[in-house]
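Comments concern the structure below.
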């Protein structure tokens with residue numbers, strides 16, 4: 001995979017008019033809803049540290065009876081079923097993947113059970129905001145716009161974006177994406193925002209990762225701008241597709257979403273995250289699910305006080 005440091009890729013408030021919902025065949029198109037906004041407006045790219053806590057509440061000081069859970073003693077988690085290697089259902093019917101296994105480990109530190117429920121990404125943050133779920137787990141990139149509606153834990157992973165296209169085609173990377181191409185994204189994602197606001201193009205929006213990838217395979221769209229992890233989980237040998245370029249963005253992190261007013265739960269999850277970082281669980285899971293990935297030298301998970309064991 002071609003990976004290079006991202007110098008300009010950033011996030012911004014997601015366009016409000018995500019008006020088009022495509023059928024599974026993906027053959028429809030969407031119309032521009034006005035001029036794209038400046039992608040740098042409201043960006044937290046240069047102020048990431050204001051969202052990373054200096055330290056956390058010690059685990060033994062967390063009061064599990066005051067976490068505002070829908071069911072005491074249990075985390076009810078909204079997640080996706082089709083986005084390996086991060087969030088998916090395995091052949092035995094178990095919700096698994098990097099994000100979900102890490103959350104299980106965090107919950108274990110807090111003495112909480114975990115119940116996963118499948119949903120669509122386009123609805124997930126709203127469902128967390130209204131407390132249908134206690135937590136959202138879906139490799140969620142934190143943005144200023146999203147923070148208006150939900151709260152986030154400290155980061156447990158950093159951002160990647162990829163371009164998926166036909167392996168024998170002319171699209172070789174981000175620089176080849178032009179307005180005359182049919183560019184697919186999953187509705188409501190940072191990639192949707194990036195194509196709309198940073199590239200200034202109107203993408204074709206799909207409800208889930210499996211559907212947008214199927215439309216790349218069958219030629220209904222020319223390229224998919226994807227989270228790199230989900231691209232790696234979808235692209236298979238013999239599909240005639242490839243991840244033609246991937247860019248890392250250490251200025252943006254992924255985190256678990258929690259209702260904005262539930263600070264006790266955010267604090268508890270942050271404590272659990274630091275605990276699994278410091279006992280080596282985070283490193284173990286990262287190597288298990290991303291065996292070939294190099295960790296950027298200028299990024300680490302958890303609070304500023306968290307210590308990642310040296311391998």
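Just so it is clear, none of the values below were taken in a lab; they were calculated from the coordinates. Since the model is a prediction, treat every value here as computed from it, not as a measurement. Reconstructed Cβ throughout: ideal geometry from the backbone, glycine too, with neighbour counts over all protein chains shown.
The protection proxy used here, the mean number of other Cβ atoms lying within 10 Å of each residue, ranks peptides 169-182, 115-128, 150-163 as follows, highest first: 150-163, 115-128, 169-182. The modelled label-to-label distance between residue 308 and residue 66, using points 7 Å beyond Cα along the C-beta direction, is 3.3 nm. The calculated FRET efficiency for residue 287 paired with residue 90, based on their beta-carbon distance and R0 = 22 Å, is about 0.70. Distance from the Cα centroid of the stretch 138-197 to that of the stretch 266-308 is 23 Å (rounded to whole angstrom).
Calculate, in whole percent, how much of the Cα-Cα pair population of the stretch 215-295 lies beyond 16 Å. Here the tail beyond 16 Å accounts for 69 percent of pairs. Can you compute the label reach from residue 117? Point 7 Å from Cα along the Cβ direction, backbone N cut-off under 13 Å, restricted to the stretch 150-172. Taking a point 7 Å out along Cα→Cβ of residue 117, no residue of the stretch 150-172 has its backbone N under 13 Å. When the square roots of the Cα gyration tensor eigenvalues are ordered a ≥ b ≥ c, the ratio a/c for the stretch 153-241 is 1.5 or more and a/b does not exceed b/c, which makes its shape oblate. Placing a pseudo-label 7 Å from each Cα along the Cα-to-Cβ vector at residue 218 and residue 170 gives an inter-label distance of 2.5 nm.
May I ask you to derive the relative contact order of the stretch 170-246, considering only C-alpha pairs under 8 Å and at least 6 residues apart, and to give it as an integer percent? Result for the stretch 170-246 is 35 percent.
A simple spin-label model places the labels of residue 279 and residue 299 2.6 nm from each other, with each point 7 Å out along Cα-to-Cβ.
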